[in-house]
Amino acid sequence: MANLRRIIEVIAGLFFAFVAIITLAAAASRVTFSLGLPDANEIARLAQGIAVLWGISVASFEGRHVTVDILYERLPKVGRWALDMFATLLVAIFLSVAAFMTMKRGIEAVETGLTTNELRILVGPFWLLAGAGLVAAALLTFIRAVYLWQGK
C-alpha cells in the first residue's frame, strides 16, 4: 500500500510541476517576446485538475485532509469511531459519484473529439486521467473505511 501511495503522490507531483513549468514558460514568453503561449492556460488548468484529483487520493486515505474537530474532540472513543466511519463512507460515496461523472465526461469528450481552442489538443484524455485519479481516491477511501472497521 505504501508503494501505491508513493506512486500516486509522484503522479500528482509531476502534474503540479508541469503546471508550474507551463505557467513559468507562458509568463516568460509574454514578458520577453510579448507573445503568449497557445493554450497555456487551458493546458495548465487541465493539468492542475489532474494533480488535485490524484492528490485527493492519498489525502483521503491517510486522513490528511482539512478537518473540523469541534464535535469530534468531545465525543467518546466509540463516537469518534462512528463519526470517522460515517464521514469516510460519505466521502467515498461522493468520490465514487464524482469519478463516474468525470469518466463519463471524459468518454464523451473522446467520442466527440473535443479539443482546445488554439492547438486542437484533445481534452478527453485529460478528463479520463482526472477521472482515474478520482477512481483511485474512491477506492483508497473505501479501503480506509475497511481499515477503520478493522480497527487499524
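The values are calculated or read from the model by the stated rules, or taken from the named source; none is laboratory data. Being a predicted model, the structure only gives us computed values, none of them experimental. Here the Cβ positions follow ideal geometry from the backbone for every residue, glycine too, while neighbour counts run over all protein chains shown.
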Go through (1) out of contact with any Ser or Thr (no Cβ under 6 Å at 6 or more places or on another chain); (2) part of a helix (DSSP H, G or I); (3) not small (Gly, Ala, Ser) one by one and return the number of the condition residue 140 breaks.
(1)
Tally the residues that are assigned to a helix (DSSP H, G or I) and either in contact (Cβ under 8 Å) with a residue 60 or more places away in the chain or surrounded by fewer than 14 Cβ atoms within 10 Å (Cβ to Cβ) (or both), restricting the search to the range 104-119.
4
Which condition from (1) at pLDDT 90 or above; (2) buried (at least 16 other Cβ atoms within 10 Å of the Cβ) is the one that residue 101 breaks?
(2)
Output for the range 22-76, where each listed residue is part of a loop (DSSP other than H, G, I, E, B), surrounded by fewer than 16 Cβ atoms within 10 Å (Cβ to Cβ) and either among the hydroxyl-bearing types (Ser, Thr, Tyr) or on the phi > 0 side of the Ramachandran plot (or both)
34, 63, 67
Kindly provide the set of residues from the range 26-42 that are free of Cβ contacts under 8 Å to residues at least 60 places away in the same chain and within 18 Å of residue 126 (Cβ to Cβ), ordered by number.
26, 37, 40, 41
